[in-house]
Amino acid sequence: MFKALGAVFAAVVVVAAAQVPASADGTPAPTRFSEFSINPTAVDVDHPTVTYTGRVVYTDAGGTEEGLPDARVCLRKDEVCLDYVNTDADGRFTAPVTLGTTGEHPTMVEGNAGAYFQGNADYRYALVTPGVFLHVLPAKTRISMAFDPAPSVIGATVKVTGRLERVMPDGGATGAAGQVVKVFFQPDTGGADPAVQIAQGLTAADGSYSVPATVPGEGYWHVETPYVYDRGPAGDGYGPYLGARADSGVMVADHRTAVIGFNAAPEPVGKGNTITATGRVVRYRADGSTEPGTSSPLLQFSTDGKKWTDLYGVDPDADGYFKITTPAVRDGYWRVDTTEMPGAGELPATSGSDYVDVRYRTAISSFNASPEPVRKGRTITVSGTLKRDTTAWKAFSGQSVKIYFQAKGATTWTYEGSAKTTSTGHFAHGFKAAKDGTWRATYSGGSSYLAVTGSGDYVDVR
(Lines give C-alpha, C1' and ligand atoms only; values in the text may rest on other atoms or scores of the structure.)
Protein backbone atom coordinates (compact mmCIF):
# COMPACT_ATOMS: atom_id res chain seq x y z
CA MET A 1 0.00 0.00 0.00
CA PHE A 2 1.09 3.63 -0.36
CA LYS A 3 3.10 5.11 2.43
CA ALA A 4 1.43 8.09 4.05
CA LEU A 5 2.94 11.30 2.81
CA GLY A 6 3.80 14.18 5.08
CA ALA A 7 3.13 17.72 4.07
CA VAL A 8 5.22 18.88 1.17
CA PHE A 9 8.08 20.82 2.60
CA ALA A 10 11.39 22.37 1.71
CA ALA A 11 13.60 20.92 4.34
CA VAL A 12 16.85 22.47 5.31
CA VAL A 13 19.26 19.96 6.78
CA VAL A 14 22.79 20.99 7.49
CA VAL A 15 25.83 19.04 8.47
CA ALA A 16 28.92 21.19 8.32
CA ALA A 17 32.56 20.66 8.88
CA ALA A 18 33.85 21.77 12.26
CA GLN A 19 33.78 25.56 12.54
CA VAL A 20 37.48 26.17 12.73
CA PRO A 21 38.51 29.63 11.47
CA ALA A 22 40.69 29.65 8.41
CA SER A 23 44.36 29.75 9.26
CA ALA A 24 47.16 31.64 7.65
CA ASP A 25 49.09 28.38 7.50
CA GLY A 26 46.91 27.19 4.60
CA THR A 27 44.44 25.01 6.49
CA PRO A 28 41.33 24.50 4.26
CA ALA A 29 38.43 26.74 5.20
CA PRO A 30 35.39 25.00 6.72
CA THR A 31 32.29 24.70 4.51
CA ARG A 32 28.70 23.70 4.97
CA PHE A 33 25.34 23.66 3.23
CA SER A 34 23.50 26.55 4.78
CA GLU A 35 20.40 25.74 2.74
CA PHE A 36 19.09 22.60 1.07
CA SER A 37 15.69 21.55 -0.23
CA ILE A 38 14.03 19.42 -2.91
CA ASN A 39 10.82 20.15 -4.71
CA PRO A 40 8.52 18.29 -4.96
CA THR A 41 9.06 15.79 -2.15
CA ALA A 42 6.79 13.20 -3.80
CA VAL A 43 7.13 11.84 -7.35
CA ASP A 44 5.48 9.31 -9.65
CA VAL A 45 6.02 7.94 -13.15
CA ASP A 46 4.25 10.92 -14.68
CA HIS A 47 6.20 13.43 -12.60
CA PRO A 48 9.74 12.07 -12.34
CA THR A 49 11.66 15.35 -12.02
CA VAL A 50 12.88 16.80 -8.71
CA THR A 51 14.58 20.19 -8.32
CA TYR A 52 17.52 20.36 -5.90
CA THR A 53 18.14 23.82 -4.35
CA GLY A 54 20.74 24.91 -1.84
CA ARG A 55 23.72 27.05 -0.87
CA VAL A 56 27.31 26.21 0.00
CA VAL A 57 29.09 28.63 2.34
CA TYR A 58 32.57 28.80 3.84
CA THR A 59 33.98 30.48 6.93
CA ASP A 60 36.71 32.95 6.18
CA ALA A 61 39.70 33.77 8.38
CA GLY A 62 37.69 36.36 10.26
CA GLY A 63 34.95 33.89 11.11
CA THR A 64 32.45 35.27 8.61
CA GLU A 65 30.41 32.94 6.38
CA GLU A 66 30.46 33.69 2.68
CA GLY A 67 28.90 31.96 -0.33
CA LEU A 68 31.35 29.57 -2.05
CA PRO A 69 31.35 30.29 -5.79
CA ASP A 70 31.88 27.71 -8.55
CA ALA A 71 31.79 24.75 -6.16
CA ARG A 72 30.99 21.46 -7.88
CA VAL A 73 28.08 19.91 -5.97
CA CYS A 74 27.04 16.27 -6.23
CA LEU A 75 23.25 15.92 -6.21
CA ARG A 76 22.81 12.68 -4.30
CA LYS A 77 20.15 10.14 -3.59
CA ASP A 78 20.77 7.22 -1.28
CA GLU A 79 24.49 8.05 -1.30
CA VAL A 80 24.75 7.91 -5.11
CA CYS A 81 25.44 10.96 -7.29
CA LEU A 82 22.65 11.42 -9.81
CA ASP A 83 24.01 14.66 -11.31
CA TYR A 84 26.37 17.59 -10.68
CA VAL A 85 25.88 21.35 -10.58
CA ASN A 86 28.19 24.32 -9.93
CA THR A 87 27.31 27.08 -7.46
CA ASP A 88 26.89 30.67 -8.60
CA ALA A 89 28.86 33.67 -7.30
CA ASP A 90 26.88 33.59 -4.04
CA GLY A 91 27.35 29.84 -3.50
CA ARG A 92 23.80 29.03 -4.55
CA PHE A 93 22.64 26.25 -6.86
CA THR A 94 19.43 24.91 -8.30
CA ALA A 95 19.11 22.02 -10.77
CA PRO A 96 16.48 19.53 -11.93
CA VAL A 97 17.12 15.79 -11.71
CA THR A 98 14.91 13.33 -13.57
CA LEU A 99 14.65 10.04 -11.69
CA GLY A 100 14.88 6.85 -13.70
CA THR A 101 11.92 4.48 -13.75
CA THR A 102 13.33 1.58 -15.82
CA GLY A 103 15.83 -1.24 -15.50
CA GLU A 104 16.89 -3.41 -12.60
CA HIS A 105 17.94 -0.43 -10.46
CA PRO A 106 15.62 2.54 -11.03
CA THR A 107 16.55 5.74 -9.22
CA MET A 108 12.89 6.57 -8.56
CA VAL A 109 12.85 4.70 -5.28
CA GLU A 110 11.85 6.11 -1.92
CA GLY A 111 14.89 7.37 -0.07
CA ASN A 112 16.90 10.35 1.11
CA ALA A 113 17.96 13.10 -1.26
CA GLY A 114 21.03 15.13 -0.31
CA ALA A 115 24.10 16.90 -1.63
CA TYR A 116 27.85 16.66 -1.28
CA PHE A 117 30.78 19.00 -1.87
CA GLN A 118 34.05 17.11 -2.14
CA GLY A 119 36.27 19.98 -1.09
CA ASN A 120 39.78 20.81 -2.25
CA ALA A 121 43.05 22.27 -1.02
CA ASP A 122 41.34 25.53 -0.01
CA TYR A 123 37.98 24.34 1.28
CA ARG A 124 36.91 21.38 3.38
CA TYR A 125 34.17 19.00 2.25
CA ALA A 126 30.52 19.44 3.19
CA LEU A 127 27.68 16.92 3.27
CA VAL A 128 23.90 17.08 3.61
CA THR A 129 22.80 14.13 5.69
CA PRO A 130 20.44 12.39 6.07
CA GLY A 131 18.85 14.79 3.58
CA VAL A 132 15.22 15.18 2.60
CA PHE A 133 13.08 12.07 2.35
CA LEU A 134 11.70 11.63 -1.15
CA HIS A 135 8.41 9.78 -1.37
CA VAL A 136 7.36 7.73 -4.42
CA LEU A 137 3.72 7.24 -5.36
CA PRO A 138 3.91 3.86 -7.19
CA ALA A 139 1.49 3.20 -10.03
CA LYS A 140 -0.81 0.21 -9.91
CA THR A 141 -0.04 -2.50 -12.46
CA ARG A 142 -1.35 -5.74 -13.88
CA ILE A 143 0.49 -8.46 -15.78
CA SER A 144 -0.47 -11.33 -18.07
CA MET A 145 1.41 -14.58 -18.76
CA ALA A 146 1.47 -17.11 -21.60
CA PHE A 147 3.90 -19.67 -23.06
CA ASP A 148 5.37 -20.23 -26.52
CA PRO A 149 5.30 -23.20 -26.74
CA ALA A 150 3.73 -24.76 -23.64
CA PRO A 151 6.36 -26.07 -21.19
CA SER A 152 5.75 -29.76 -21.84
CA VAL A 153 9.29 -31.15 -22.25
CA ILE A 154 11.81 -31.03 -19.41
CA GLY A 155 15.02 -29.34 -20.50
CA ALA A 156 13.41 -27.63 -23.49
CA THR A 157 13.52 -23.84 -23.88
CA VAL A 158 10.22 -21.99 -23.95
CA LYS A 159 9.35 -18.30 -24.06
CA VAL A 160 7.32 -16.88 -21.20
CA THR A 161 5.36 -14.01 -22.71
CA GLY A 162 2.86 -11.40 -21.66
CA ARG A 163 2.37 -7.70 -21.00
CA LEU A 164 2.83 -5.47 -17.98
CA GLU A 165 0.37 -2.60 -17.90
CA ARG A 166 0.00 0.45 -15.72
CA VAL A 167 -3.57 1.04 -14.57
CA MET A 168 -4.63 4.61 -15.37
CA PRO A 169 -6.90 6.72 -13.13
CA ASP A 170 -9.72 6.44 -15.67
CA GLY A 171 -9.53 2.63 -15.53
CA GLY A 172 -7.67 2.27 -18.78
CA ALA A 173 -4.19 0.80 -19.10
CA THR A 174 -0.93 1.53 -20.87
CA GLY A 175 2.25 -0.52 -21.23
CA ALA A 176 4.89 -0.17 -18.54
CA ALA A 177 8.26 -0.06 -20.29
CA GLY A 178 11.65 -1.19 -19.02
CA GLN A 179 10.37 -3.07 -16.00
CA VAL A 180 11.92 -6.21 -14.53
CA VAL A 181 9.88 -9.39 -15.03
CA LYS A 182 10.96 -12.40 -12.98
CA VAL A 183 9.93 -15.96 -13.87
CA PHE A 184 9.45 -18.49 -11.05
CA PHE A 185 8.85 -22.24 -10.98
CA GLN A 186 7.53 -24.46 -8.20
CA PRO A 187 7.58 -28.27 -8.54
CA ASP A 188 4.25 -30.05 -8.21
CA THR A 189 5.15 -31.61 -4.87
CA GLY A 190 2.27 -30.39 -2.77
CA GLY A 191 4.19 -27.39 -1.50
CA ALA A 192 7.16 -29.41 -0.27
CA ASP A 193 9.49 -27.43 -2.53
CA PRO A 194 9.49 -23.63 -2.72
CA ALA A 195 9.21 -21.58 -5.88
CA VAL A 196 12.57 -20.54 -7.31
CA GLN A 197 13.43 -17.89 -9.86
CA ILE A 198 14.52 -19.44 -13.17
CA ALA A 199 14.64 -16.47 -15.56
CA GLN A 200 14.39 -12.70 -15.79
CA GLY A 201 13.85 -10.06 -18.44
CA LEU A 202 12.67 -6.50 -19.12
CA THR A 203 9.47 -5.23 -20.69
CA ALA A 204 9.62 -3.56 -24.09
CA ALA A 205 8.38 -0.06 -24.90
CA ASP A 206 4.77 -1.28 -25.07
CA GLY A 207 5.07 -3.25 -21.82
CA SER A 208 5.30 -6.63 -23.54
CA TYR A 209 7.92 -9.18 -22.52
CA SER A 210 9.31 -12.43 -23.86
CA VAL A 211 11.67 -14.23 -21.51
CA PRO A 212 13.37 -17.54 -22.51
CA ALA A 213 13.39 -20.17 -19.78
CA THR A 214 14.45 -23.81 -19.49
CA VAL A 215 11.66 -26.13 -18.34
CA PRO A 216 12.78 -27.52 -14.94
CA GLY A 217 10.03 -30.11 -14.53
CA GLU A 218 6.32 -30.51 -13.95
CA GLY A 219 4.80 -27.83 -11.78
CA TYR A 220 3.51 -24.30 -11.39
CA TRP A 221 4.86 -21.15 -13.03
CA HIS A 222 4.36 -17.52 -12.15
CA VAL A 223 5.73 -14.15 -13.23
CA GLU A 224 6.05 -11.09 -11.07
CA THR A 225 7.41 -7.57 -11.07
CA PRO A 226 9.14 -6.14 -7.99
CA TYR A 227 7.00 -4.43 -5.37
CA VAL A 228 9.99 -2.81 -3.69
CA TYR A 229 13.53 -2.12 -4.84
CA ASP A 230 16.81 -2.38 -3.02
CA ARG A 231 18.05 1.14 -2.41
CA GLY A 232 21.31 0.31 -0.72
CA PRO A 233 22.18 0.80 2.94
CA ALA A 234 18.86 2.53 3.64
CA GLY A 235 16.93 -0.67 2.91
CA ASP A 236 13.98 -1.30 0.60
CA GLY A 237 11.61 1.32 -0.73
CA TYR A 238 8.75 1.71 -3.13
CA GLY A 239 9.68 1.85 -6.79
CA PRO A 240 7.80 3.58 -9.62
CA TYR A 241 5.32 0.71 -9.97
CA LEU A 242 3.50 -1.53 -7.56
CA GLY A 243 4.27 -5.21 -8.04
CA ALA A 244 2.08 -7.49 -10.13
CA ARG A 245 1.89 -11.25 -10.46
CA ALA A 246 0.31 -13.83 -12.77
CA ASP A 247 0.13 -17.58 -12.08
CA SER A 248 -0.34 -20.70 -14.17
CA GLY A 249 -2.00 -23.92 -13.24
CA VAL A 250 0.14 -27.04 -13.05
CA MET A 251 2.04 -27.46 -16.31
CA VAL A 252 2.61 -31.13 -17.18
CA ALA A 253 6.11 -31.79 -18.48
CA ASP A 254 7.78 -35.06 -19.41
CA HIS A 255 11.38 -36.18 -19.66
CA ARG A 256 12.92 -36.76 -23.06
CA THR A 257 14.21 -40.33 -23.24
CA ALA A 258 16.60 -42.32 -25.37
CA VAL A 259 17.64 -45.92 -25.92
CA ILE A 260 21.44 -46.03 -25.97
CA GLY A 261 23.89 -48.82 -26.75
CA PHE A 262 21.32 -50.98 -28.54
CA ASN A 263 22.72 -54.20 -30.02
CA ALA A 264 21.29 -57.44 -31.41
CA ALA A 265 23.72 -60.37 -31.32
CA PRO A 266 25.28 -62.64 -32.37
CA GLU A 267 25.90 -61.47 -35.92
CA PRO A 268 25.49 -63.57 -37.99
CA VAL A 269 23.32 -66.05 -36.12
CA GLY A 270 22.24 -69.58 -36.90
CA LYS A 271 18.62 -70.04 -37.83
CA GLY A 272 16.71 -71.24 -34.78
CA ASN A 273 19.39 -70.01 -32.40
CA THR A 274 18.75 -67.17 -29.95
CA ILE A 275 19.14 -63.49 -30.70
CA THR A 276 19.79 -61.32 -27.66
CA ALA A 277 18.88 -57.61 -27.81
CA THR A 278 20.48 -55.38 -25.18
CA GLY A 279 20.69 -51.67 -24.40
CA ARG A 280 19.79 -49.03 -21.85
CA VAL A 281 16.85 -46.66 -21.41
CA VAL A 282 17.78 -43.21 -20.07
CA ARG A 283 15.92 -39.98 -19.54
CA TYR A 284 17.26 -36.43 -19.63
CA ARG A 285 17.23 -34.01 -16.74
CA ALA A 286 16.69 -30.28 -17.28
CA ASP A 287 20.47 -29.68 -17.36
CA GLY A 288 20.98 -32.23 -20.14
CA SER A 289 22.48 -34.96 -17.95
CA THR A 290 20.92 -38.43 -17.91
CA GLU A 291 19.50 -40.80 -15.34
CA PRO A 292 18.01 -44.31 -15.64
CA GLY A 293 14.68 -44.41 -17.47
CA THR A 294 11.69 -46.54 -16.50
CA SER A 295 10.02 -46.96 -19.91
CA SER A 296 9.67 -50.58 -21.04
CA PRO A 297 11.31 -51.38 -24.41
CA LEU A 298 9.32 -53.44 -26.92
CA LEU A 299 11.41 -55.53 -29.33
CA GLN A 300 10.49 -55.02 -32.99
CA PHE A 301 11.51 -56.78 -36.22
CA SER A 302 11.49 -55.67 -39.86
CA THR A 303 12.63 -57.31 -43.06
CA ASP A 304 13.05 -53.95 -44.84
CA GLY A 305 13.69 -51.47 -42.02
CA LYS A 306 10.37 -49.75 -42.74
CA LYS A 307 7.47 -51.86 -41.59
CA TRP A 308 7.92 -53.13 -38.04
CA THR A 309 6.34 -56.03 -36.16
CA ASP A 310 6.03 -56.01 -32.36
CA LEU A 311 7.47 -59.03 -30.57
CA TYR A 312 8.28 -58.92 -26.86
CA GLY A 313 8.54 -56.27 -24.17
CA VAL A 314 10.45 -56.21 -20.87
CA ASP A 315 10.97 -53.84 -17.97
CA PRO A 316 14.44 -52.31 -17.58
CA ASP A 317 16.33 -52.85 -14.36
CA ALA A 318 16.96 -50.12 -11.78
CA ASP A 319 19.80 -48.73 -13.89
CA GLY A 320 17.77 -48.72 -17.11
CA TYR A 321 19.45 -51.77 -18.70
CA PHE A 322 17.43 -54.44 -20.51
CA LYS A 323 17.94 -57.79 -22.24
CA ILE A 324 15.43 -59.45 -24.60
CA THR A 325 15.89 -62.86 -26.22
CA THR A 326 14.05 -64.31 -29.23
CA PRO A 327 14.59 -67.11 -31.77
CA ALA A 328 16.36 -66.20 -35.01
CA VAL A 329 14.05 -66.92 -37.94
CA ARG A 330 15.25 -64.84 -40.91
CA ASP A 331 17.45 -61.96 -41.94
CA GLY A 332 16.25 -58.54 -40.89
CA TYR A 333 16.42 -55.45 -38.73
CA TRP A 334 15.92 -55.28 -34.98
CA ARG A 335 15.13 -52.35 -32.70
CA VAL A 336 13.23 -51.47 -29.53
CA ASP A 337 10.54 -48.84 -29.02
CA THR A 338 8.97 -47.53 -25.78
CA THR A 339 5.83 -45.97 -27.28
CA GLU A 340 3.52 -48.72 -26.03
CA MET A 341 4.88 -48.76 -22.47
CA PRO A 342 6.35 -45.35 -21.53
CA GLY A 343 7.42 -44.74 -17.96
CA ALA A 344 5.72 -42.15 -15.78
CA GLY A 345 6.60 -38.68 -16.99
CA GLU A 346 8.66 -39.99 -19.91
CA LEU A 347 8.30 -39.40 -23.62
CA PRO A 348 8.61 -42.40 -25.98
CA ALA A 349 11.91 -43.25 -27.66
CA THR A 350 13.07 -45.57 -30.42
CA SER A 351 16.51 -47.12 -30.63
CA GLY A 352 18.62 -47.30 -33.74
CA SER A 353 18.19 -50.48 -35.78
CA ASP A 354 20.65 -53.37 -36.03
CA TYR A 355 20.70 -55.73 -39.03
CA VAL A 356 21.31 -59.40 -38.25
CA ASP A 357 22.13 -61.97 -40.91
CA VAL A 358 20.45 -65.33 -40.19
CA ARG A 359 22.18 -68.35 -41.73
CA TYR A 360 21.65 -72.09 -41.67
CA ARG A 361 23.52 -73.86 -38.94
CA THR A 362 26.26 -76.36 -39.72
CA ALA A 363 28.00 -78.99 -37.61
CA ILE A 364 30.95 -81.38 -37.81
CA SER A 365 30.21 -84.72 -36.24
CA SER A 366 31.99 -88.07 -35.84
CA PHE A 367 35.35 -86.34 -36.06
CA ASN A 368 38.31 -88.64 -35.52
CA ALA A 369 42.08 -88.70 -36.02
CA SER A 370 43.42 -92.27 -36.02
CA PRO A 371 45.12 -94.51 -35.27
CA GLU A 372 45.79 -93.51 -31.67
CA PRO A 373 48.58 -93.87 -30.69
CA VAL A 374 50.51 -93.88 -33.97
CA ARG A 375 54.14 -94.61 -34.82
CA LYS A 376 56.11 -91.62 -36.06
CA GLY A 377 56.17 -91.46 -39.86
CA ARG A 378 53.01 -93.51 -40.27
CA THR A 379 49.78 -92.07 -41.71
CA ILE A 380 47.14 -90.37 -39.56
CA THR A 381 43.69 -90.31 -41.13
CA VAL A 382 41.52 -87.34 -40.15
CA SER A 383 37.81 -87.84 -40.93
CA GLY A 384 34.33 -86.68 -40.01
CA THR A 385 30.92 -85.65 -41.33
CA LEU A 386 29.68 -82.14 -42.22
CA LYS A 387 25.96 -81.52 -41.74
CA ARG A 388 23.61 -78.60 -42.30
CA ASP A 389 20.26 -77.73 -40.72
CA THR A 390 17.78 -76.30 -43.22
CA THR A 391 14.52 -78.01 -42.32
CA ALA A 392 16.36 -80.85 -40.53
CA TRP A 393 19.93 -81.98 -40.04
CA LYS A 394 21.21 -83.50 -43.28
CA ALA A 395 24.51 -84.33 -44.96
CA PHE A 396 26.24 -81.35 -46.56
CA SER A 397 28.00 -82.51 -49.69
CA GLY A 398 30.52 -80.88 -51.99
CA GLN A 399 32.01 -78.59 -49.33
CA SER A 400 35.65 -77.92 -48.51
CA VAL A 401 36.67 -78.73 -44.96
CA LYS A 402 40.02 -77.45 -43.70
CA ILE A 403 42.22 -79.50 -41.38
CA TYR A 404 44.37 -77.85 -38.69
CA PHE A 405 46.98 -79.21 -36.29
CA GLN A 406 48.26 -77.86 -32.97
CA ALA A 407 51.46 -79.46 -31.67
CA LYS A 408 51.65 -80.38 -28.00
CA GLY A 409 52.63 -77.29 -25.99
CA ALA A 410 51.94 -74.89 -28.87
CA THR A 411 49.39 -72.06 -28.78
CA THR A 412 48.65 -71.67 -32.47
CA TRP A 413 47.01 -73.84 -35.08
CA THR A 414 48.69 -74.76 -38.36
CA TYR A 415 46.78 -75.38 -41.57
CA GLU A 416 47.62 -78.84 -42.90
CA GLY A 417 45.25 -79.38 -45.83
CA SER A 418 41.65 -79.72 -46.90
CA ALA A 419 39.14 -82.41 -47.85
CA LYS A 420 35.95 -82.39 -49.91
CA THR A 421 32.73 -83.79 -48.47
CA THR A 422 31.00 -86.66 -50.26
CA SER A 423 27.29 -87.04 -50.95
CA THR A 424 26.94 -88.32 -47.41
CA GLY A 425 28.83 -85.33 -46.01
CA HIS A 426 31.83 -87.50 -45.16
CA PHE A 427 35.38 -86.16 -45.48
CA ALA A 428 38.78 -87.77 -44.87
CA HIS A 429 42.45 -86.83 -45.34
CA GLY A 430 45.68 -88.62 -44.51
CA PHE A 431 48.72 -86.93 -42.97
CA LYS A 432 52.19 -88.12 -41.97
CA ALA A 433 52.53 -88.47 -38.19
CA ALA A 434 55.35 -86.21 -36.99
CA LYS A 435 54.68 -85.17 -33.38
CA ASP A 436 52.13 -85.35 -30.59
CA GLY A 437 49.23 -82.92 -30.94
CA THR A 438 45.59 -82.19 -31.62
CA TRP A 439 43.77 -82.26 -34.92
CA ARG A 440 40.52 -80.48 -35.81
CA ALA A 441 38.41 -79.55 -38.84
CA THR A 442 36.71 -76.26 -39.76
CA TYR A 443 34.11 -75.24 -42.30
CA SER A 444 34.36 -71.58 -43.41
CA GLY A 445 30.66 -71.15 -44.09
CA GLY A 446 29.11 -68.98 -46.79
CA SER A 447 26.44 -66.35 -47.43
CA SER A 448 23.73 -68.79 -46.33
CA TYR A 449 25.61 -71.02 -43.89
CA LEU A 450 27.41 -70.43 -40.62
CA ALA A 451 31.02 -71.34 -40.18
CA VAL A 452 31.78 -74.12 -37.73
CA THR A 453 34.81 -75.54 -35.97
CA GLY A 454 34.64 -79.14 -34.83
CA SER A 455 35.99 -80.52 -31.59
CA GLY A 456 39.66 -81.57 -31.51
CA ASP A 457 41.17 -85.05 -31.27
CA TYR A 458 44.56 -85.59 -29.62
CA VAL A 459 46.98 -88.14 -31.12
CA ASP A 460 49.99 -89.55 -29.33
CA VAL A 461 52.89 -90.05 -31.77
CA ARG A 462 55.53 -92.57 -30.66
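The values are calculated or read from the model by the stated rules, or taken from the named source; none is laboratory data. The structure displayed is predicted, hence computed values, not measured ones. Positions of Cβ are backbone-derived with ideal geometry, glycine not excepted, and every protein chain shown enters the neighbour counts. Surface accessibility is based on the protein's heavy atoms, side chains included, excluding ligands, DNA and RNA. Shrake-Rupley method; radii C 1.70, N 1.55, O 1.52, S 1.80 Å.
Every residue, every condition in (1) within 50 Å of the chain's Cα centre (by Cα); (2) open to solvent by 70 Å² or more (accessible area, probe 1.4 Å); (3) closer than 17 Å to Tyr52 by Cβ; (4) modelled with pLDDT of 95 or more, yes or no:
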| site | (1), (2), (3), (4) |
| --- | --- |
| Leu75 | yes, no, yes, yes |
| Asn86 | no, yes, yes, yes |
| Pro106 | yes, no, no, no |
| Gly114 | yes, no, yes, yes |
| Phe117 | no, no, yes, yes |
| Tyr123 | no, no, no, yes |
| Val128 | no, no, yes, yes |
| Leu134 | yes, no, yes, yes |
| Pro138 | yes, no, no, no |
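Test Lys182 against the stated conditions and say whether it is under 26 Å from Thr41 (Cα atoms) and among the basic types (Lys, Arg). It is false that Lys182 is under 26 Å from Thr41 (Cα atoms) and among the basic types (Lys, Arg). Restricting the range 36-68 to residues that are within 12 Å of Phe93 (Cβ to Cβ) and in contact (Cβ under 8 Å) with a residue 40 or more places away in the chain, the residue that is surrounded by the fewest Cβ atoms within 10 Å (Cβ to Cβ) is Thr51. A single entry from Ala392, Ala419, Ala410, Ala428 fulfils the requirement of being of a type in the set (Gly, Ala, Ser) and free of Cβ contacts under 8 Å to residues at least 12 places away in the same chain: Ala392.
Residue count for the range 293-316, restricted to those that are assigned to a strand (DSSP E or B) and not hydrophobic (A, V, I, L, M, F, W, C): 6.
Considering the conditions (1) surrounded by fewer than 21 Cβ atoms within 10 Å (Cβ to Cβ); (2) in a loop (DSSP other than H, G, I, E, B), Val97 is excluded by exactly one of them, (2). Which of (1) within 30 Å of Gly175 (Cα to Cα); (2) surrounded by fewer than 17 Cβ atoms within 10 Å (Cβ to Cβ); (3) modelled with pLDDT of 95 or more is the odd one out, the single condition Gly232 does not satisfy? Among (1) within 30 Å of Gly175 (Cα to Cα); (2) surrounded by fewer than 17 Cβ atoms within 10 Å (Cβ to Cβ); (3) modelled with pLDDT of 95 or more, Gly232 violates only (3). Annotation note: of Pro216, Pro212, the sole residue that is at pLDDT 95 or above, in contact with a Lys or Arg (Cβ under 7 Å, 6 or more places away or on another chain) and over 30 Å from Lys387 (Cβ atoms) is Pro212. Screening Pro348 with (1) over 27 Å from Val269 (Cβ atoms); (2) modelled with pLDDT of 95 or more; (3) surrounded by fewer than 13 Cβ atoms within 10 Å (Cβ to Cβ) gives one miss only, at (3). Answer yes if at least one residue in the range 372-382 is in contact (Cβ under 8 Å) with a residue 60 or more places away in the chain, under 20 Å from Lys271 (Cα atoms), open to solvent by 50 Å² or more (accessible area, probe 1.4 Å) and not basic (Lys, Arg), and no otherwise. No, every residue in the range 372-382 fails to be in contact (Cβ under 8 Å) with a residue 60 or more places away in the chain, under 20 Å from Lys271 (Cα atoms), open to solvent by 50 Å² or more (accessible area, probe 1.4 Å) and not basic (Lys, Arg).
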